[in-house]
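Enquirer: Before we start, here is the structure in question, set down as structure tokens.
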Amino acid sequence: MAYPITYAQYQEYLKKGEFIGLKCAKCGSINFPPMAVCRDCSGTTLEPVSLKGEGTIRTFTVIRVAPEGKKPPYIIAMVELDEGPYVIGNLEGITPDETGMDLIGKKVRMGTRMVQGDVYSLGDAHVPTFTLME
Ligand SMILES: [Zn+2]
């Protein structure tokens, strides 16, 4: 089975600040991060599409007890991108004490940052992050 985008290519796109999802030919859903099968219908005909990297916070949590190597407190948000997929990442540029439930529904812009590999991962990786648009 040929993958439209490999993990290495996805990482290269993130490093450049580009967000490439996969559009399902069967149901039209956009999948991000790219995956081998459509998460909505299990279709396997997927075409790369460029995403604008904007979305809306649907929920979030505050991490106050962090894994080794991470500095709490920080916010993890679940964001619905304008194109449809849900993405989880750190909400940056704001501390948990500055905010509350009013975060839900706010518009965010997606970015990326490099996370150093640790005992919990397979090595350095670029990951999606979010910042508030206003
Ligand atoms: Zn599909």
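Enquirer: Here is a list: ASP40, ASP82. Which entry is within 12 Å of the ligand (Cβ to nearest atom), open to solvent by 60 Å² or more (accessible area, probe 1.4 Å) and either of a type in the set (D, E, K, R) or assigned by TED's automatic domain parsing to the domain that holds THR112 (or both)? Steps first, answer last, please.
Expert: Values: ASP82 fails: within 12 Å of the ligand (Cβ to nearest atom).
After ruling out the rest, the residue left standing is ASP40.
Enquirer: Being within 13 Å of the chain's Cα centre (by Cα) and not assigned by TED's automatic domain parsing to the domain that holds ALA25 narrows it down to one of GLY89, GLY93, so name that one. It would help to see each step written out before you state the result.
Expert: Values: GLY93 fails: within 13 Å of the chain's Cα centre (by Cα).
After ruling out the rest, the residue left standing is GLY89.
Enquirer: In addition: Kindly list the number of the only condition in (1) of a type in the set (Gly, Ala, Ser); (2) within 16 Å of the ligand (Cβ to nearest atom); (3) more than 18 Å from the chain's Cα centre (by Cα) that fails for ALA2.
Expert: Going through the list (1) of a type in the set (Gly, Ala, Ser); (2) within 16 Å of the ligand (Cβ to nearest atom); (3) more than 18 Å from the chain's Cα centre (by Cα), ALA2 breaks only (2).
Enquirer: What number of residues within the stretch 18-37 satisfy the criterion of being within 15 Å of the chain's Cα centre (by Cα), open to solvent by 40 Å² or more (accessible area, probe 1.4 Å) and at pLDDT 95 or above?
Expert: Of the residues in the stretch 18-37, the ones within 15 Å of the chain's Cα centre (by Cα) are 18-22, 30-35.
Now drop any that are not open to solvent by 40 Å² or more (accessible area, probe 1.4 Å), which leaves 18, 33, 35.
Next, only the ones that are at pLDDT 95 or above stay: 18.
Selection size over the stretch 18-37: 1.
Enquirer: Within the bounds of the stretch 51-70, is there any residue that is within 16 Å of the ligand (Cβ to nearest atom), surrounded by 14 or more Cβ atoms within 10 Å (Cβ to Cβ) and part of a loop (DSSP other than H, G, I, E, B)?
Expert: no
Enquirer: Just the residues that are within 16 Å of the ligand (Cβ to nearest atom), closer than 20 Å to ILE88 by Cα and without any contact (Cβ under 8 Å) to a residue 12 or more places away in the chain, please, taken from the stretch 7-37.
Expert: If we filter the stretch 7-37 for residues that are within 16 Å of the ligand (Cβ to nearest atom), which is where we start, we get 21-37.
Going one step further and asking which of them are closer than 20 Å to ILE88 by Cα, we end up with 21-23, 29-37.
Result: VAL37, single match.
Enquirer: Is the stretch 53-60 home to any residue that is in contact with a helix residue (DSSP H, G or I) (Cβ under 6 Å, 6 or more places away or on another chain), in contact (Cβ under 8 Å) with a residue 12 or more places away in the chain and not charged (D, E, K, R)? Quick ask: steps written out before the conclusion?
Expert: Narrowing the stretch 53-60 to residues in contact with a helix residue (DSSP H, G or I) (Cβ under 6 Å, 6 or more places away or on another chain): 57, 60.
Then drop every residue that is not in contact (Cβ under 8 Å) with a residue 12 or more places away in the chain, which leaves 57, 60.
Among the residues that remain, those that are also not charged (D, E, K, R) are: 57, 60.
Among the residues of the stretch 53-60, at least one is in contact with a helix residue (DSSP H, G or I) (Cβ under 6 Å, 6 or more places away or on another chain), in contact (Cβ under 8 Å) with a residue 12 or more places away in the chain and not charged (D, E, K, R), which makes the answer yes.
Enquirer: Okay, next question. Just one of (1) in a loop (DSSP other than H, G, I, E, B); (2) out of contact with any strand residue (DSSP E or B) (no Cβ under 8 Å at 6 or more places or on another chain) trips up ASP102, so point out which.
Expert: Here ASP102 clears every test but (1).
Enquirer: Follow-up. Just give me the residues in the stretch 15-36 being in a strand (DSSP E or B) and closer than 18 Å to GLU54 by Cβ, in sequence order.
Expert: Applying the first criterion (in a strand (DSSP E or B)) to the stretch 15-36 yields 19-24, 30-31.
Selection gives PHE19, ILE20, GLY21, LYS23, ILE30, ASN31.
Enquirer: Being of a type in the set (Gly, Ala, Ser), within 28 Å of ILE5 (Cβ to Cβ) and modelled with pLDDT of 95 or more, is that true of even one residue in the stretch 91-109?
Expert: Within the stretch 91-109, the subset of a type in the set (Gly, Ala, Ser) is 93, 100, 105.
Within this subset, residues satisfying the condition of being within 28 Å of ILE5 (Cβ to Cβ) are none.
Taking every residue of the stretch 91-109 in turn, none turns out to be of a type in the set (Gly, Ala, Ser), within 28 Å of ILE5 (Cβ to Cβ) and modelled with pLDDT of 95 or more.
The values are calculated or read from the model by the stated rules, or taken from the named source; none is laboratory data. All values reported here derive from a predicted model rather than from experimental measurement. Heads up, the Cβs are rebuilt from the backbone with ideal geometry, glycines too, and the neighbour counts pull from every protein chain shown. Each accessible area value is taken on the protein alone, full model and side chains, heavy atoms only, with ligands, DNA and RNA left out. Shrake-Rupley method; radii C 1.70, N 1.55, O 1.52, S 1.80 Å.
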